[in-house]
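Comments concern the structure below.
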C-alpha cells in the first residue's frame, strides 16, 4: 500500500485521477486533519480484473435470463446498461425477446385481475353506481 500526502484537496484529487487512469488501479482519498492522503491499494482491482468481473456478471445475467428468473424491471435495467456489459447482437436479441415475453405476461396478469366497485361491490362493467341514469 502506497501513501502520498498533499496540502490541498485539488492536488490530491488531480494526482489520484491521473494515477488511476494511467495505472488502472483503485485509489482512495482520505483527509487527515488539514492534509489529504492518497492511498493506492495493492489489492485493488486492475482494469483487466474489472473487465473479467464484467464478463462474469454478463454471463450470470445471460444464464439467469435463460432460466427465466429475471423480472420485467430487471430486464429493462439490464437493457438500459447494455453498453456497460458489451452484449453481442445475439445476446441483445435474446434480452429483447425475453423483455417482450415479460411485457406479455405482465399485461395478461393485468387483464386477469378483476376490478371491484368500492360502493356497490359489483365487478367491472356490471357496476351501476357510476351510470348517470340510475
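The values are calculated or read from the model by the stated rules, or taken from the named source; none is laboratory data. Predicted, not measured: the structure shown is a model, and the values here were computed from it. Cβ placement follows ideal geometry from the backbone for every residue including glycine, while neighbour counts extend to all protein chains displayed.
Observations on the model:
- Condition check for residue 78: surrounded by 12 or more Cβ atoms within 10 Å (Cβ to Cβ), within 30 Å of residue 5 (Cβ to Cβ) and modelled with pLDDT of 80 or more: no
- Taken over the stretch 31-41, residues that are under 28 Å from the mean Cα position of the chain (by Cα) and either exposed (fewer than 13 other Cβ atoms within 10 Å of the Cβ) or over 12 Å from residue 4 (Cβ atoms) (or both) amount to 1.
- Failed criterion for residue 46 (all others in (1) modelled with pLDDT under 80; (2) closer than 23 Å to residue 89 by Cβ hold): (2)
- Filter result (farther than 13 Å from residue 37 by Cβ and within 27 Å of the chain's Cα centre (by Cα)) within the stretch 7-21: 17, 20, 21
- In the stretch 9-28, the residues that are surrounded by 15 or more Cβ atoms within 10 Å (Cβ to Cβ) and without any contact (Cβ under 8 Å) to a residue 12 or more places away in the chain: 20
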